[in-house]
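Right, one structure below, let's go through it.
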Amino acid sequence: MAELVREVFIEAAPEVVFQYLVDPERYVAWGASEAVLDPRPGGTYRALMGGSHWGEGEFLEIEPDRRVVFSFGWAEPGHPIPPGSTTVEIALEADGVGTTVRLTHRGLPEDAVGDHTGGWDHYLARLALAARGEDPGPDLMP
Amino acid sequence: MDAALKAIAEPRRREILRLVWSEELPATEIALRVGQVSRPAISQHLAVLRGARLVVERRDGTRRLYRADHGEMARLRAFLDGFWTDGLERLRLAAEAEQRALDDRNRDDRSDTHG
């Protein structure tokens, strides 16, 4: 199983950033177009990604202003990453004038990480779309 | 991509896709495991899945073997890469805007107190 790690520094306090991970109204500002969040262990995580794909799982760990872990997968029948099959951890670390946010997506199938070249052209095309402010979302699900 | 969406709209094709996800199988074996479906129907489903590039075919002597095209997984990885990268950038912009609004409000409160 493989993992994907992304980090970003945000000039905002951890308690401000944390609300964007657990409050559905704030979550839709960055991670989904619709979200159903019940941020407590065992609570629902549902996020409409890319306009037409529901990412689904449940919250596993909540440490206020520090860390959120939820399980994650796609609701489409037959999808190779079914709901709950992977985990996403978002850790917040107070860092001077802001917060370092580290997102780790674990449990992805090796193939999803191993052979990056097959998706490279597609990835660049998607980046171009995103950069123009268009939503490159629904194109990619097997 | 329309072809892929149409291909997975049919439940038996989704079942076939699951069967050949981690192992390569001949059509006869797929027909056995899916059940309730004729060999010709299985062949048709496989043709649709191949047309949508979700399944690839390999010849081994007289046999034809089928497996899921894991290139799709590479594209899925690319999707997640892009999705989380773009998402965190949106998170940064939104949280920083909220922090600035909070800071402004606090400053106004202080100047009210002292002014």
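The values are calculated or read from the model by the stated rules, or taken from the named source; none is laboratory data. Remember, predicted model here, so these are calculated numbers, not experimental data. Note that each Cβ is placed from the backbone with ideal geometry, even for glycine, and that neighbours are counted across all protein chains shown.
Among the residues of region A:95-107, write down those that are crowded, with 22+ Cβ neighbours inside 10 Å and either within 15 Å of the chain's Cα centre (by Cα) or away from chain B (no Cβ under 12 Å) (or both).
Correct list: A:101, A:105.
Checking residue A:20 against (1) under 19 Å from residue A:83 (Cβ atoms); (2) hydroxyl-bearing (Ser, Thr, Tyr); (3) within 11 Å of chain B (Cβ to nearest Cβ), which test does it fail?
Evaluating residue A:20 over (1) under 19 Å from residue A:83 (Cβ atoms); (2) hydroxyl-bearing (Ser, Thr, Tyr); (3) within 11 Å of chain B (Cβ to nearest Cβ) leaves (1) as the failure.
In region B:67-80, is there at least one residue being exposed (fewer than 12 other Cβ atoms within 10 Å of the Cβ) and either assigned to a helix (DSSP H, G or I) or within 14 Å of chain A (Cβ to nearest Cβ) (or both)?
In the first step, residues of region B:67-80 are kept if they are exposed (fewer than 12 other Cβ atoms within 10 Å of the Cβ); the result is none.
No - not one qualifying residue is present in region B:67-80.
Against the conditions (1) in a helix (DSSP H, G or I); (2) farther than 30 Å from residue A:13 by Cα; (3) of a type in the set (A, V, I, L, M, F, W, C); (4) at pLDDT 90 or above, where does residue B:88 fall short? Just the number, please.
(2)
Among the strands (runs of 3 or more DSSP E) confined wholly to region A:1-89, which include 2 or more residues that are in contact with an Asp or Glu (Cβ under 8 Å, 6 or more places away or on another chain)?
Numbers: elements: A:2-10, A:34-37, A:44-49, A:53-63, A:67-74.
Correct list: A:2-10, A:44-49, A:53-63, A:67-74.
Return the residue satisfying two criteria in turn: it lies in region A:79-94 and is within 12 Å of chain B (Cβ to nearest Cβ) and touching a Pro at 6+ places or on another chain (Cβ under 8 Å), and of such residues it is farthest from residue B:70 (Cα to Cα).
Among those that are within 12 Å of chain B (Cβ to nearest Cβ) and touching a Pro at 6+ places or on another chain (Cβ under 8 Å), it is A:92.
What's the total number of residues in region B:28-62 that are outside any helix (DSSP H, G or I) and either exposed (fewer than 12 other Cβ atoms within 10 Å of the Cβ) or touching a residue at least 40 places away in the same chain (Cβ under 8 Å) (or both)?
Residues that pass the stated criteria total 11.
Looking at (1) closer than 30 Å to residue A:15 by Cβ; (2) free of Cβ contacts under 8 Å to residues at least 60 places away in the same chain; (3) of a type in the set (Gly, Ala, Ser); (4) in contact with a strand residue (DSSP E or B) (Cβ under 8 Å, 6 or more places away or on another chain), can you tell me which one residue A:96 breaks?
So the condition that residue A:96 fails would be (4).
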